[in-house]
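The values are calculated or read from the model by the stated rules, or taken from the named source; none is laboratory data. Note that this is a predicted model, so its numbers are computed, not measured. Here the Cβ positions follow ideal geometry from the backbone for every residue, glycine too, while neighbour counts run over all protein chains shown. What goes into the accessible areas is simple: the full protein's heavy atoms, side chains included, and nothing from ligands, DNA or RNA. Shrake-Rupley method; radii C 1.70, N 1.55, O 1.52, S 1.80 Å.
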Amino acid sequence: MLGLAKKTADEFEAKFGYAPTGVWSAPGRVNIIGEHTDYNEGFVLPIAINRATYAAIALREDDTARVASTFSDAVVELNIAQLGEASGWAAYPLGVAHVLGASKGFDLFIDSDVPVGAGLSSSAAIECAVALGLDELLGLGNDRRALARIGQRAENEVVGAPTGIMDQSASLLGKVDHAVFLDCQSLEVENVALGFAAAALEVVIIDTRVAHRLNDGGYAARRAACEAAAKAFEVPSLRHLSLETLEAGRELVDDVTYRRARHIITENDRVLSFVAALKLGDFKRCGELMVQSHVSMRDDFEISVDELDTAVETSMRHGAVGARMTGGGFGGASIALCPIEKISDLTNSVYAEFELLGYARPDIFTVNAADGATRQI
Ligand code: GLA
């Protein structure tokens with residue numbers, strides 16, 4: 001959207017007193033299926049969405065990095081030697097500059113229409129917009145896969161969230177009306193046509209407003225359980241463990257670790273089945289797999305919350321073909337694949353159910369699969 005790109009350029013100029021060299025945008029993402037599989041070298045199927053973060057950037061002649069945004073009134077200013085020490089929201093953009101090894105100072109302004117804390121990867125959108133822009137201005141020549149890795153490293157090493165490669169890959173490699181089918185072991189990508197519009201289906205997001213965070217323990221605990229299971233079965237990652245071997249060696253791990261591993265193994269299978277069903281236009285099967293994925297996250301991986309379960313169950317009762325929580329879990333959003341003519345019934349029913357149960361009013365909207373990060377101005 002050029003409107004927000006122009007606005008970000010204007011905000012840059014108002015803050016720093018001169019025009020930026022360029023404005024880069026990177027979309028948020030919604031994961032259609034394949035949750036917590038990325039750091040287990042498994043399969044994921046996200047889409048880049050038509051909500052994006054915009055980064056207006058100019059290089060400076062000195063060693064100062066300044067970053068401002070619409071998230072906060074403060075201008076964060078650091079020497080480029082200290083970029084790795086950035087904290088709070090500034091850790092995302094400055095962490096990227098740190099991992100890129102920025103050799104020059106820069107001014108940066110960030111604006112976004114990706115909702116924060118909804119599980120739509122507002123953080124990866126910041127990382128990818130900044131990575132693409134700084135890489136170009138500094139003439140570093142990293143390709144998009146390398147930039148995805150750089151965004152992930154910023155999040156792991158500077159922000160301190162032990163996340164995988166999915167979000168940055170979706171934001172950089174997304175394609176309009178296609179999903180990003182990513183093998184997180186080989187990092188091979190296939191853009192798979194969704195065919196939702198031709199089938200009169202839309203992706204509805206239900207942001208529960210239950211704030212989720214990826215750096216406060218639950219996410220890391222899930223990752224640790226997966227690593228413990230892989231270690232117990234002497235495989236490099238859960239990608240290399242079959243359900244049969246897990247069942248046969250059940251006594252090697254405690255019940256919780258067993259269920260964590262079972263989620264990952266069955267979820268990988270569901271991604272592959274979903275892609276096959278998508279290619280056949282079998283949306284009924286796609287929907288069943290989404291619901292199975294949700295149940296597995298609720299019962300085996302235990303990352304859902306009541307609001308997400310309610311959103312999924314209500315969506316399914318009111319016309320959705322499939323529904324599941326999406327993203328890291330412990331709050332955030334659910335998605336529903338819904339026939340267009342049933343969206344208003346679904347939406348009103350979810351509002352009503354949330355009100356009845358005394359939950360905060362959710363934010364409900366549709367998204368489309370969009371292209372990945374790009375230079376706007
Ligand atoms: C977050 C992380 C991703 C991925 C998902 C769960 O979005 O950033 O790397 O692990 O959670 O699928």
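Cross-link reach is defined here as a Cα-Cα straight distance under 29 Å, omitting same-chain residues fewer than 8 places apart; for Lys342 the lysines meeting it are Lys175, Lys279, Lys284. Here Thr245 sits with roughly 70 square angstrom of accessible surface, probe radius 1.4 Å. Computed about the Cα centre, the dipole magnitude for the chain is approximately 420 debye when only Lys and Arg (+1) and Asp and Glu (-1) carry charge, each at its Cβ.
Ranked from largest to smallest solvent-accessible area, with a 1.4 Å probe on the protein heavy atoms, Ser296, Ser72 come out as Ser72, Ser296.
Where in the stretch 1-41 does the label zone of Thr366 land, with the point 7 angstrom along Cα→C-beta and an amide N cut-off under 20 Å? Inside the label zone: 1, 28-33.
What FRET efficiency comes out for the pair Ala200/Val235, r = Cβ-Cβ distance, R0 = 35 Å, nearest 0.05?
0.20
The simple Förster model, with R0 at 30 Å and r as the Cβ-Cβ distance, assigns Ser349 and Asp113 a FRET efficiency of 0.70.
Ordered from highest to lowest accessible area with the whole protein assembly present and a 1.4 Å probe, Glu155, Glu61, Glu85 read as Glu61, Glu85, Glu155. Remark: the chain is approximated by an ellipsoid whose semi-axes, taken from the C-alpha gyration tensor as √(5λ), come to 34, 25, 19 Å, largest first. In this structure the amide hydrogen of Gly117, modeled in the peptide plane, comes within under 5 Å of the amide hydrogens of Ser122, none closer than 5 places in sequence on its chain. With both labels modelled 7 Å from their Cα along Cα-to-Cβ, the Thr266 to Asp63 distance reads 5.5 nm. The value given for the stretch 1-82 is a Kirkwood hydrodynamic radius of 15.2 Å, derived from the mean inverse Cα-Cα separation. The rule of thumb for compact globular proteins, 2.2 N^0.38 Å, goes into the C-alpha radius of gyration of the stretch 1-148 1.03 times.
Rolling a 1.4 angstrom probe over the protein heavy atoms with all chains in place gives the stretch 147-247 an accessible area of 41 Å² per residue. Entry note, the chain: relative contact order of 23 percent, from Cα contacts under 8 Å with a spacing of 6+ residues. With the dipole of the stretch 199-277 worked out from charges on the C-beta (+1 for Lys and Arg, -1 for Asp and Glu) around the Cα centre, which of Leu272, Gly249, Ala200 lies farthest toward the positive end? Positive-most Cα among the choices belongs to Ala200. Dipole orientation for the chain: of the candidates Gly139, Ala97, Leu346, Gly139 has the Cα lying most toward the positive pole (charges on Cβ; Lys, Arg +1; Asp, Glu -1). For Ser112, the accessible surface of its heavy atoms amounts to roughly 30 Å² (probe 1.4 Å, protein chains only, rounded to the nearest 10).
Annotation: Asp62 carries an accessible surface of approximately 60 Å², with a 1.4 Å probe and no ligand, DNA or RNA atoms counted. Between Leu2 and Lys104, the distance separating the two model label sites (each 7 Å from Cα on the Cα→Cβ line) works out to 2.7 nm.
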